[in-house]
Amino acid sequence: MLVVFYRVTGWLHAWQVGRNDPNVAHPITHNLDASGFRHATHSATVDLRWDRVHKVRETEDMFLVYYIPRFAYFLPKRAVGSAREVEDLRDRIRGWLPAGTPYERDS
């Protein structure tokens, strides 16, 4: 019963976002360089300097750039390109992060 509830509530939340968020109909762009991470939507742009990043976590499908412990911006790996480009971006991010900022990679 809980599994069904979880799946239905996830679907309902996605449906509500699609109906209420004007950004859903427009592209989201991500730019990463030595100065930081930029997340741009139709209505807002966020610039996050690397020295203000709480941590970066890499999953099988995406990079998560946390600006506080529980909230992150995401970059899907499919948007990066080939496996070699993902590996290159991984190395660059690690190089851009200040000493002591965690980089976590799921197995």
Scan of the range 15-32 for residues that are at pLDDT below 70 and either surrounded by fewer than 11 Cβ atoms within 10 Å (Cβ to Cβ) or in a strand (DSSP E or B) (or both), ordered by number: TRP15, GLY18
So which strands (runs of 3 or more DSSP E) stay within the range 33-107 end to end and still have 1 or more residues that are surrounded by 15 or more Cβ atoms within 10 Å (Cβ to Cβ), out of contact with any Cys (no Cβ under 7 Å at 6 or more places or on another chain) and free of Cβ contacts under 8 Å to residues at least 40 places away in the same chain? 36-40, 45-49, 62-68, 71-76
Out of the residues in the range 41-75 meeting the condition of being farther than 23 Å from PRO98 by Cα and not β-branched (Val, Ile, Thr), tell me which one is nearest to the chain's Cα centre (by Cα). ASP61
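The values are calculated or read from the model by the stated rules, or taken from the named source; none is laboratory data. Keep in mind that what you see is a predicted model, and the values were worked out from it rather than measured. Neighbour counts run over all protein chains shown; Cβ positions are idealised from the backbone, glycine included.
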